[in-house]
Amino acid sequence: FYYIESVDVISVEPKLIPEQSNIPLILHGNFTSDLYFDASLFCQIGSALSPVSWVNTGYLVCITPTDLLPGTYFVGLTSGGHDLLTNLQRIDVRRGINVVEAFPLFGPSQGNTRVVVSGEGFLAVQSSRLVCLFGDIVTWADILNDTTLECLSPQRIAVTHEKVDIVPFKLAFDFPYETGDAAETT
């Protein structure tokens, strides 16, 4: 018989992820070095188990299962079937979006060009939480229907590359960007 010390996870990032994403979850907390040697240590995401990668006493990483459907899940740690967490962390899995194209792909540096984005799954996202990124400049997305949204291009102060400034266009959930890029085009 041996005692297992409970573990405190302070936070999990990201908290909002697309379905079936298979992405790393970073657990921030205070972890003893004993966990490094624990071969039976797993993240528990809902009822699914995922192996843990040890980073240091402040961070652990586990990969989300590819079969996570939209919904709310609690993230915990388990060792040998024993729960180690007293404070489970919550993540929300959202239906993924798919961007097919954005048009037009260029506009004047004064901005205010209406960019129409075609794809699928836009209605599953709360319109107040979907943003368009033109490089590092944020504009809010206006969701028209499940397959179409619009963004207004921002003004660019400095244009480079012989009067053409190529910036990556991205869609992201939440503001500030809690989950990274959902889709990207250039």
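A few comments on the model shown:
- Selection count where residues are touching a residue at least 24 places away in the same chain (Cβ under 8 Å) and either farther than 19 Å from Asp142 by Cβ or part of a strand (DSSP E or B) (or both), scope segment 106-122: 10
- Whichever residue in segment 4-28 is surrounded by 19 or more Cβ atoms within 10 Å (Cβ to Cβ) and modelled with pLDDT of 80 or more and, among such residues, is nearest to Gly96 (Cα to Cα): Ile17
- Among the residues of segment 51-92, those identified as outside any loop (DSSP other than H, G, I, E, B), among the hydroxyl-bearing types (Ser, Thr, Tyr) and open to solvent by 60 Å² or more (accessible area, probe 1.4 Å) are Ser53, Tyr59, Thr72.
- Of all the residues in segment 29-50, those that are open to solvent by 40 Å² or more (accessible area, probe 1.4 Å), of a type in the set (Phe, Trp, Tyr) and in contact with a strand residue (DSSP E or B) (Cβ under 7 Å, 6 or more places away or on another chain) number 2.
- Residues satisfying the criterion are present in segment 104-124 (criterion: at pLDDT 85 or above, surrounded by 15 or more Cβ atoms within 10 Å (Cβ to Cβ) and of a type in the set (A, V, I, L, M)).
The values are calculated or read from the model by the stated rules, or taken from the named source; none is laboratory data. Only a predicted model underlies this, so the values are computations on that prediction, with no experimental measurement involved. For neighbour counting, all protein chains shown are included, and Cβ atoms are generated from backbone atoms with ideal geometry for every residue, glycine included. Surface areas here come from the heavy atoms of the whole protein model, side chains and all, with no ligands, DNA or RNA. Shrake-Rupley method; radii C 1.70, N 1.55, O 1.52, S 1.80 Å.
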